[in-house]
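Each remark here refers to the structure printed beneath this line.
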Amino acid sequence: MTVLLSVLGCVLACNSCDSELRVLVPDAAVLDTLVNSVSLPAAAMSQLDGVYLVRSGASRFGDTVVLKHDGRALSMFCQRNSAYMVLKVGLRNNTILCAGYWRFAQGSQTGAALLSIADSSAQSIVNGHRPERLMFRGSIGASERVGEEQITLEYLRALHGQDSSQASGQVLIIAHRGGGRNSDRLPFSENSVELIKYASKLGAQGVEIDVRLTRDSVPVLYHDENLNTRLVDGEYMVGPIGNYSLAQLRTLARLKNGELIPTLQEVLDAVVDSTDLRAVWLDIKDVAEVQNVIPMQQAALKRAAALHAAGLRDSLEIFFGLATDDIYQAFLHRADHASVSSVCELGVDQVLAANSAVYGARWTLGGLESTLSDLHARGKRAYVWTLDQPEFIASFLATTQYDGILTNYPTVVAYYNYVRP
């Protein structure tokens with residue numbers, strides 16, 4: 001319950017110039033419902049996954065929603081209003097209780113949510129079997145309290161990709177900036193360890209992160225070149241990240257929600273040890289990182305592979321990003337570049353020359369049907385970036401051969417991905 005309590009109890013600071021963009025996430029009071037409950041086993045949580053009909057509550061969430069667990073919490077992804085829920089799950093008195101919050105991904109509306117499954121249906125789920133008719137019943141509120149609007153969900157079918165009869169391939173959902181942007185009112189700051197740990201609850205299976213070097217050559221996560229009030233609180237420091245040592249950044253700067261600017265090593269450790277994320281896209285910002293980041297990448301991959309072999313985590317890929325010509329050329333000068341897993345954004349010829357695993361294509365290039373077919377024939381993949389508009393997300397999923405989508409709204413991509421027949 002610790003992670004969700006910290007989120008639901010989060011009152012974001014209001015002393016910065018963009019405080020009007022902040023959202024007060026509902027208080028943890030709704031989680032009192034889970035006191036003295038016990039966690040559901042993984043087999044039971046899996047029975048909750050699916051596409052559901054919305055029998056009541058459709059005016060806010062749409063006619064169908066997707067429920068998907070990440071092993072720790074249950075998330076709901078919706079078409080209408082780009083809404084989603086994040087719910088902690090527990091079992092008490094033969095009732096499955098799901099308590100947390102709902103919100104609109106592209107707006108400020110938010111509130112508390114409480115859903116439940118009772119009696120024989122709950123017992124079937126606990127035993128690892130989905131009942132013939134599975135219903136969630138509950139209510140939501142536009143504040144910290146529930147009860148303002150009833151919501152009823154009825155299981156319709158399995159998620160796309162979970163039915164063995166489905167032949168279509170899976171699309172990897174990759175969250176931009178570690179999970180999303182500060183401007184989208186997430187409970188943690190972009191490019192923070194905390195948000196990366198939370199990303200799977202937003203529907204992400206992988207994250208893209210921005211890597212810069214401090215003055216003392218420590219790789220850290222930070223999107224912009226310069227320190228600014230969009231990303232850090234206070235006005236103690238100005239100028240490029242590269243002008244400051246890690247110690248100075250740690251002493252004088254905090255991200256917008258109070259977190260420390262993380263080192264890349266801290267992030268890789270968190271991904272490997274504390275998540276089941278399947279991919280990390282390293283957006284490399286400095287040519288010097290070609291030398292000092294790749295050894296960190298290789299060490300993290302080795303540890304992840306050992307944990308995967310022991311059955312302790314999912315498989316993990318970490319891609320070194322080749323987004324500019326100077327970084328690409330420095331990468332090619334490494335004798336081992338062909339064995340380093342990378343994603344190249346520069347073009348198909350460069351993908352092949354660098355032996356990159358993935359072509360990172362801008363979404364405005366369109367479907368690239370023949371290009372993607374050729375790449376697939378060569379054993380390569382293609383991820384499209386940065387895809388945010390619901391209508392384009394739905395179209396790309398339905399009509400293109402991309403293997404992954406990089407997005408600021410993994411909750412939206414998750415809905416359109418899993419609701420497919």
(message) So, in the range 221-234, exactly how many residues are among the acidic types (Asp, Glu) and open to solvent by less than 60 Å² (accessible area, probe 1.4 Å)?
(response) 2
(request) Tally the residues that are without any contact (Cβ under 8 Å) to a residue 60 or more places away in the chain and surrounded by fewer than 21 Cβ atoms within 10 Å (Cβ to Cβ), restricting the search to the range 106-118. (result) 4
(request) Go through the residues of the range 119-129 one by one and say whether even a single one is surrounded by fewer than 22 Cβ atoms within 10 Å (Cβ to Cβ) and part of a strand (DSSP E or B). (result) no
(request) Please give the number of the condition Met237 fails out of (1) buried (at least 21 other Cβ atoms within 10 Å of the Cβ); (2) more than 30 Å from Tyr409 (Cβ to Cβ). (result) (1)
(request) Give the residue, chosen from Ser143, Ser192, Ser183, that is of a type in the set (Gly, Ala, Ser) and closer than 20 Å to Gly100 by Cβ. (result) Ser143
(message) Please pick out the residue among Arg177, Arg215 that is within 26 Å of Gln291 (Cβ to Cβ), among the basic types (Lys, Arg), touching a residue at least 12 places away in the same chain (Cβ under 8 Å) and open to solvent by 40 Å² or more (accessible area, probe 1.4 Å).
(response) Arg215
(request) Looking only at the range 136-156, count how many residues are free of Cβ contacts under 8 Å to residues at least 40 places away in the same chain and not in a loop (DSSP other than H, G, I, E, B). (result) 2
(request) Please indicate, with yes or no, whether at least one residue in the range 382-392 is more than 25 Å from Arg420 (Cα to Cα), outside any loop (DSSP other than H, G, I, E, B), open to solvent by 10 Å² or more (accessible area, probe 1.4 Å) and not hydrophobic (A, V, I, L, M, F, W, C). (result) no
(message) Looking only at the range 332-353, filter to residues that are under 28 Å from the mean Cα position of the chain (by Cα) and part of a helix (DSSP H, G or I); which one of those is surrounded by the fewest Cβ atoms within 10 Å (Cβ to Cβ)?
(response) Ser339
(message) If I go through the range 398-421 residue by residue, how many of them are at pLDDT 95 or above and not in a helix (DSSP H, G or I)?
(response) 12
(message) Given the criterion open to solvent by less than 10 Å² (accessible area, probe 1.4 Å) and either touching a strand residue (DSSP E or B) at 6+ places or on another chain (Cβ under 7 Å) or modelled with pLDDT under 95 (or both), identify the matching residue among Val65, Val38.
(response) Val65
(message) For the range 152-180, give me each residue that is of a type outside the set (A, V, I, L, M, F, W, C), at pLDDT 95 or above and over 24 Å from Arg130 (Cα atoms).
(response) His176, Arg177, Gly178, Gly179, Gly180
(message) Looking at (1) crowded, with 17+ Cβ neighbours inside 10 Å; (2) free of Cβ contacts under 8 Å to residues at least 40 places away in the same chain, which one does Ala44 not meet, given that it meets all the others?
(response) (2)
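So, Asp374, is that one within 18 Å of Tyr328 (Cα to Cα), open to solvent by 60 Å² or more (accessible area, probe 1.4 Å) and not small (Gly, Ala, Ser) or not?
Criteria not met by Asp374.
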(request) Considering only the range 240-262, state which residues are under 19 Å from the mean Cα position of the chain (by Cα) and open to solvent by 10 Å² or more (accessible area, probe 1.4 Å). (result) Asn257, Glu259
(message) Looking at the structure I just gave you, is Asp403 over 23 Å from the mean Cα position of the chain (by Cα) and open to solvent by 20 Å² or more (accessible area, probe 1.4 Å)?
(response) no
(request) Pick out, from the range 45-114, the strands (runs of 3 or more DSSP E) lying fully within it that include 3 or more residues that are closer than 17 Å to Pro410 by Cα. (result) 64-69, 73-78, 83-92, 95-104
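The values are calculated or read from the model by the stated rules, or taken from the named source; none is laboratory data. If you're wondering where the values come from, they're calculated on a predicted model, not measured in any experiment. When we count neighbours, we look across all protein chains shown, and the Cβ atoms used for this are built from the backbone with ideal geometry, even at glycine. Note: accessible area is taken over every heavy atom of the protein model, side chains too, but ligands, DNA and RNA are not part of it. Shrake-Rupley method; radii C 1.70, N 1.55, O 1.52, S 1.80 Å.
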